[in-house]
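Where a number appears in this text, it was derived from the coordinates with a stated rule and is not lab data. Just so you know, these numbers come straight off a predicted model, no measurement behind them. All Cβ positions, even for glycine, are placed from backbone atoms using ideal geometry, and neighbour counts span all protein chains on display.
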């Protein structure tokens, strides 16, 4: 095992069998991305879509390291860091629909900031990259943002809804869960989310080339993965002495993930056929590179 891989697994608290994911899924993907990047002098924007808890953040970090070893400067961005601040979402909740207070769905990101940040990363100067702290459910002040060096060849944009497409009016009609049935009976919220995918997000997602999907086996499996994520956040907050009151309990997690269910199910149904690269995941997140 290469030293950097061993160090990475230790730093991220990953089991040694994650090496199989690197060897059998991420390494082949990195080689294809490197080949594609060498065909152009322009910045390549890679979309990495995966449901909550699918391991996309870890996969993106590994890809950045593998591409660096191909002498291709790369950086991973999370669409999560472009969430709108709490105050802005509160305004949306007042004027559009109360469910827009909850971060995550299309319509709760600053797409213009994401596009501007990506464009800047191709330049010579350092780029300030926003940071969203999920423990406090808010974007950190600009002075706390991270600074990324210039002259990147590849940007990997990872996120649960990256590359998502809107549904038809007919598909929006029936609620998919209790949250939609009880709190969005008129379909205003889900209509707003869907319209965002048709409008602002399209300018961002149309730039993705290639689009990579980490395909979860089902939405039911995703529910369990999301609980694992929150447990890790709870442990991190406890280690650093932070305020754990905003970390969600099981009931809150169930309600929270209901916000994501519609778009996640739609992605799992339609994206595998059109993604440029497809990696399937089993319930234990064992990865298999399909194309």
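See the values below:
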quantity	calculated
Mean separation of Cα contacts under 8 Å, 6 or more apart, over the residue count of the stretch 3-289: relative contact order %	26 percent
Cα-based convex hull, the stretch 95-184, per residue volume (Å³, whole number)	143 Å³
Calculated log₁₀ intensity ratio I(q)/I(0) where the Debye formula runs over C-alpha points of the stretch 1-112, q = 0.12, 0.22 Å⁻¹	-0.57, -1.17
C-alpha center-to-center spacing [the stretch 249-291, the stretch 1-61] in angstrom	18 Å
For peptides 31-40, 253-262, sequence by mean Cβ density within 10 Å, most packed first	253-262, 31-40
Helix-only CD estimate at 222 nm, as mean residue ellipticity for the chain, using -39500 (n - 2.57) per DSSP H run (n ≥ 4)	-14000 deg cm²/dmol
Contour excess over end-to-end distance, with Cα ends at residue 6 and residue 96 and 0.36 nm allotted per residue	27.6 nm
Over the stretch 1-66: Kirkwood hydrodynamic radius from C-alpha pairwise inverse distances, Å	13.0 Å
Cα-based helix-to-principal-axis angle, 56-68 vs the chain, degrees rounded to 10	20 degrees
Share of Cα-Cα pairs in the chain lying beyond 27 Å, as whole percent	41 percent
Potential lengthening between residue 198 and residue 291 on full extension [0.36 nm per residue; Cα-Cα distance subtracted]	30.7 nm
